[in-house]
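Structure record follows, encoded as structure tokens.
The values are calculated or read from the model by the stated rules, or taken from the named source; none is laboratory data. These numbers were taken from a predicted model, which means no experiment stands behind them. Heads up, the Cβs are rebuilt from the backbone with ideal geometry, glycines too, and the neighbour counts pull from every protein chain shown.
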Amino acid sequence: MKTIDKVKHLIAEQLCISVEDIKDDANIIEDLGADSLDVVELLMSFEDEFKVSIPDEKLEELKTIPQIVAIIDEYVKK
């Protein structure tokens with residue numbers, strides 16, 4: 001499964017929405033209704049799923065699906 005598909009699945013699970021409702025360029029706060037607690041919980045889910053440690057400073061950058069995928073890919077390669 002591609003990173004983007006895993007990310008969308010985790011977001012759908014966290015926000016109790018359908019994966020099909022998540023566009024590839026969706027903003028998780030503006031388009032999907034996530035709040036700050038959801039973002040923190042998603043960060044932890046991403047870290048668990050991808051076996052990475054993402055610094056808390058990156059929270060502000062976790063806004064759109066492409067940004068999330070880029071950050072995960074950056075830390076997976078380290």
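Things to note:
- Filter result for the condition that a residue is part of a helix (DSSP H, G or I), among the charged types (D, E, K, R), in contact with a helix residue (DSSP H, G or I) (Cβ under 8 Å, 6 or more places away or on another chain) and surrounded by fewer than 17 Cβ atoms within 10 Å (Cβ to Cβ), over Glu47, Glu41: Glu41
- Selection from region 28-38 of residues that are surrounded by fewer than 14 Cβ atoms within 10 Å (Cβ to Cβ) and in contact with a helix residue (DSSP H, G or I) (Cβ under 9 Å, 6 or more places away or on another chain): Gly33, Ser36
- So Asp24, is it touching a Pro at 6+ places or on another chain (Cβ under 9 Å), in contact (Cβ under 8 Å) with a residue 40 or more places away in the chain and not hydroxyl-bearing (Ser, Thr, Tyr): yes
- Members of region 54-69 that are assigned to a helix (DSSP H, G or I) and of a type outside the set (D, E, K, R): Leu59, Ile65, Pro66, Gln67, Ile68, Val69
- Residues located in region 1-27, provided they are surrounded by 12 or more Cβ atoms within 10 Å (Cβ to Cβ), closer than 12 Å to Val69 by Cβ and either in contact with a Ser or Thr (Cβ under 9 Å, 6 or more places away or on another chain) or of a type outside the set (D, E, K, R) (or both): Thr3, Ile4, Val7, Leu10, Ile11, Ala26
- Considering only residues in region 58-70 that are under 16 Å from Glu41 (Cβ atoms) and either among the aliphatic types (A, V, I, L, M) or in contact with a Gly (Cβ under 7 Å, 6 or more places away or on another chain) (or both), the one that is modelled with the highest pLDDT turns out to be Ile68.
- Close pairs (6 angstrom Cβ cut-off, 6 or more residues apart or separate chains): under 9 Å from Thr3 (Cα atoms) in region 67-78, among the hydroxyl-bearing types (Ser, Thr, Tyr) anywhere: Val69/Thr3; Ile72/Thr3
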